[in-house]
Amino acid sequence: MMDALKILVVDDEARMRKLVKDFLTVKGFQVIEAADGEEAVDLFFNQKDISLILLDVMMPKMDGWEVLKTIRKFSEVPIIMLTARGEERDELQGFGLGVDEYISKPFSPKILAARVEALLRRTGNIGTGNMEIGGICIDKSARQVTIDGKEIDLSFKEFELLSYFVENHGLALSREKILNNVWNYDYFGDARTIDTHVKKLRSKMGQKGEYIKTIWGMGYKFEVDS
């Protein structure tokens, strides 16, 4: 079901990191670890393909709130906070800063894995099968695209981009939103990479490339003509 999506586990307790890593690895995820907030931020901006972060609140050097604020300036990557502090005040602070989910310690690894998969599914990182629209068929598990029954060869990012467009059919998507969802990080306002990928994608899609409409000054919209 998954193509070894990468998860960053941030916790100053080595035992906790190992518990979470072992369980998520069995579930087919690739797990990388950080022992403090500073290491977490460095890893996130160096790796650039992290699909989800499990983030502890209480840590040395930089706590979870600071890590969250730093990452949220540039990315909408899904973040689950791990906290021993179940106070409503803390949870409200977290949601205000952009936390997607909360899990209080101690937790069941099985429940944690289920929450991770549910959040990734909700944010479109785990496919739920095939999508079909206007003669275009996307098989997310096989990472295969056919147009009118003929397979087309797409790069990894072209596939992700087309999937994101189809999932958001009819919606106007800003370049910033596309960067955050397809690339998982921000290019600091440089949108040329999106335009280049869209141009290649349109070319490979032939006539169906016209479904990707340019919204001048903003971004793109995928719309199948009725």
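The values are calculated or read from the model by the stated rules, or taken from the named source; none is laboratory data. Since we're looking at a predicted model, the values are computed, not measured. Heavy atoms of the whole protein, side chains included, go into the accessibility calculation; ligands, DNA and RNA do not. Shrake-Rupley method; radii C 1.70, N 1.55, O 1.52, S 1.80 Å.
Could you work out which residue, out of F165, F29, F95, moves most in a Gaussian network model of the chain, that is, has the largest mean-square fluctuation with Cα springs under 10 Å? Ranking F165, F29, F95 by mean-square fluctuation puts F95 first.
Would you mind telling me the share, in percent, of accessible area of region 136-226 contributed by carbon and sulfur at probe 1.4 angstrom? Spell out each step's value before the answer.
Working: 2350 of 4860 Å².
So the carbon and sulfur contribution to the accessible surface is 48 percent.
For region 24-113, the carbon plus sulfur part of the accessible surface works out to 52%, probe radius 1.4 Å. Annotation: per residue accessible area for the chain equals 51 Å², rounded to a whole number [probe 1.4 Å, protein chains only]. Computed over Cα pairs, the Kirkwood radius of the chain leads via Stokes-Einstein (1.567 mPa s, 4 °C) to a diffusion coefficient of 69 µm² per second.
Could you list, in their original order, any pairs among K177/K199; K69/K157; K110/K140; K61/K177; K21/K204 whose Cα atoms are separated by more than 29 Å?
Details: K177/K199 18 Å; K69/K157 27 Å; K110/K140 25 Å; K61/K177 31 Å; K21/K204 39 Å.
Check vs 29 Å cut-off fails for K61/K177; K21/K204.
The translational diffusion coefficient of region 27-122, from Stokes-Einstein at 4 °C and 1.567 mPa s with a Kirkwood hydrodynamic radius over alpha carbon pairs, comes to 95 µm²/s. Axis of helix 192-205 versus longest Cα principal axis of the chain: the two differ by about 50°, to the nearest ten degrees.
Express as a percent, rounded to the nearest 5, the fraction of DSSP beta bridges in the chain (both residues included) that run antiparallel. In the chain, DSSP labels about 50 percent of beta bridges as antiparallel.
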